[in-house]
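See structure below.
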Amino acid sequence: MTSKPAFSPVRPELTSSITLRSQDQNWGTQRRLALLEAIGTEGSITAAAKKIGLSYKAAWDAIDTMNNLADSPLVLRTTGGKRGGGASLTPRAQELITWYNAIRHEHQRFLDLLTRLDPNTPKNLELLQHMMVQTSARNRLMGTISHIVTGAVNDEITLQTAEGVTIVATITQASTLKLNLVIGRRILAFIKAPSVIIGLPGCGMTLSARNQLPGTIAHIAQGAVQAEVGIDLGVSTRITALLSLESLRVMKLTLGQPAYAIFKSSSVLLGTLD
């Protein structure tokens with residue numbers, strides 16, 4: 001078994017794209033403006049679409065949308081001739097591209113200013129991005145990869161949260177490569193509540209689960225069939241489990257009671273945002 005190379009940190013840099021909207025129409029995305037620029041240099045919709053990685057149909061649809069929304073045509077299409085037809089930009093399109101690039105330049109200057117004023121700006125924006133991720137998994141944690149062990153088929157990925165909680169996940173090597181997982185990279189870990197088992201200190205249980213995290217019971221909510229139990233692993237780290245009402249009664253769980261959040265490494269899903 002071998003370990004993966006470490007992630008090489010780079011100087012924080014903020015980048016973003018600007019989207020232009022007209023009522024409920026979303027027509028001025030950066031990709032559409034890139035399509036206009038590519039048409040200007042390539043002289044053909046086919047070549048322009050290929051240049052920016054867009055399908056031919058998607059390029060035609062985008063051009064139709066922009067032409068329909070604009071006060072005058074942006075792209076003129078021709079058929080026939082020695083070159084078999086092509087496309088060209090109107091002066092209005094050239095004006096739009098120049099205007100958009102000027103806005104994009106000023107926007108980037110603003111992002112650079114944010115970075116200079118507060119070194120934590122990239123971290124804060126990353127946190128907001130992670131908070132907007134929608135998933136059905138009850139437990140979602142952010143951490144940094146601290147160790148990767150490569151096996152014959154699967155890889156073992158170890159990550160640590162900001163509070164030092166260690167979580168181990170087992171995923172396929174194909175997933176490791178696809179997600180570009182390397183030591184030092186920040187990732188999201190997802191664990192469904194039904195996959196979490198609650199253990200009590202001194203109960204003499206021997207479990208094969210890779211993750212057995214000590215904490216304190218901080219939340220108990222009973223439903224019609226199941227109970228939701230939250231275990232605090234730190235000040236800001238909580239793992240939630242779903243138990244049957246019978247299990248809750250037998251275990252006699254109470255708030256403030258020491259407990260373990262137990263789950264298999266195969267129950268941990270990993271995700272990235274790029």
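Net charge within 10 Å of residue 48 by Cβ-Cβ distance, Lys/Arg positive one each and Asp/Glu negative one each, not counting residue 48 itself? Overall, the nearby charge balance is 0. Modelled spin-label separation between residue 144 and residue 160, with each label point placed 7 Å from Cα along the Cα-to-Cβ direction: 0.8 nm.
Averaging the sequence gap over all C-alpha pairs within less than 8 Å and six or more residues apart, then dividing by the number of residues, gives the range 136-274 a relative contact order of 29 percent.
Values in this text are rule-based calculations from the coordinates and carry no lab data. All values reported here derive from a predicted model rather than from experimental measurement. We place every Cβ from the backbone using ideal geometry, glycine too, and count neighbours over all the protein chains shown.
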